[in-house]
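Inspection log for the structure reproduced underneath, given as structure tokens.
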Amino acid sequence: MSTIQDVASLLETLAPRALAEEWDNVGLLIGNGAAEVGRVMTCLTLTPDVAEEAIDKRVELIVSHHPILFRPVQRLTADSCDGRMLLELMAARVAVYSPHTGYDSAKEGINQQLAELFDLCDVAPLRPQPAAESDPALATSEAIGSGRFGRLPKPVRLAEFNQLVKQRLHLDVLQFVGDAQATVECVGIACGSAAEFLPDAARNNCQVLLTGEARFHGALEAAGLGVNLVLVGHYASERPAVERLAEMIAAGLPQLTVWPSESETDPIQWA
């Protein structure tokens, strides 16, 4: 029988904690590593609906991309929605692991998957991170760092690129900043909420940065830097990779039953 630690060890191979941002909260956040596990569920964000699904389906481990307990907690009670959810999970002995930005930046992580989805060539990190000599998992990586950028197979207009993005990510709409007739060949990618990578995209001569969401001032910064900005939504930029992560865990530990949450949906809707 596999243990929680067996899954954690696999996840730290797929998404090395050394790749996570310093401010992040990654790893096993709730649970006993020695506990046995047979059923694992992945999700983008741990919400009451997702927690209920996990408890109903007798899950022993939730792999939530976005971490819980992100900020220091002084008390954990049923007086808050999050408190009730966490107490219910602990009562049901459901452990929680978060790979978050380690998975964003991993060799086969979210940004790499997006780069491959759009057939980018010569893919490299937008913001390189030197490999730590003491960490063989990083030293052997071909792409170490945050975000990705690369070239499209052929230059296209931004309007054409937007249509390609909608097609590949199964979107009806997206937001963008820039000139729809501008030529795009070099594409920067940073999943989630990552307008902070706009200067990195400009430094790497990207004509466009694709991310999930950005603040108004991020949109203004994009215009000022001369980098087109494509916003697909936080959920759309990361949820497919959560589904892929379930496949990766199942391949690495085939004795487990693993699936992505079936109750999770994008909380943002368009009228």
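A cut-off of 5 Å between modelled amide H atoms, ignoring neighbours fewer than 5 places along the same chain, links Ala182 with Leu158, Ala159.
Whole-Hz Karplus values for segment 169-186 come out as 9, 6, 10, 7, 9, 8, 10, 8, 10, x, 9, 4, 9, 5, 7, 10, 10, 9 Hz, taken residue by residue from phi with 6.51 cos²θ - 1.76 cosθ + 1.60 and θ = phi - 60°; glycine and proline positions read x.
With θ set to phi - 60° and the Karplus curve 6.51 cos²θ - 1.76 cosθ + 1.60, what are the ³J(HN,Hα) couplings of segment 252-269 in order, to the nearest whole Hz, using x for Gly and Pro? In residue order, the calculated couplings are x, 9, x, 6, 8, 9, 10, 8, x, 3, 9, 9, 6, 9, 6, x, 9, 10 Hz. Could you check the spin-label model distance between Ala250 and His170? Points 7 Å from the Cα along Cα→Cβ, value in nm. Rounded to a tenth, the inter-label distance reads 1.5 nm.
Backbone geometry of segment 4-10 corresponds, through the Karplus equation with coefficients 6.51, -1.76 and 1.60 at θ = phi - 60°, to 3J(HN,Hα) couplings of 4, 5, 4, 5, 4, 5, 5 Hz, x marking Gly and Pro. Listed from fewest to most Cβ neighbours within 10 Å, the set Arg239, Arg84 follows the order Arg84, Arg239. Cross-link partners of Lys166 among lysines, defined as those whose alpha carbon lies under 22 angstrom from its own and excluding same-chain residues fewer than eight positions apart: Lys154. Put simply, the amide H of Ala20, placed in the peptide plane, has neighbours under 5 Å in Gly102, leaving out anything fewer than 5 places away on its chain. Taking each residue as 0.36 nm, the span from Met90 to Cys121 lengthens on full extension beyond its C-alpha to C-alpha distance by 6.6 nm.
Each value in this text was obtained by applying a stated rule to the coordinates, not by laboratory testing. None of the values given here were measured: they were computed from a predicted structure. Note that each Cβ is placed from the backbone with ideal geometry, even for glycine, and that neighbours are counted across all protein chains shown.
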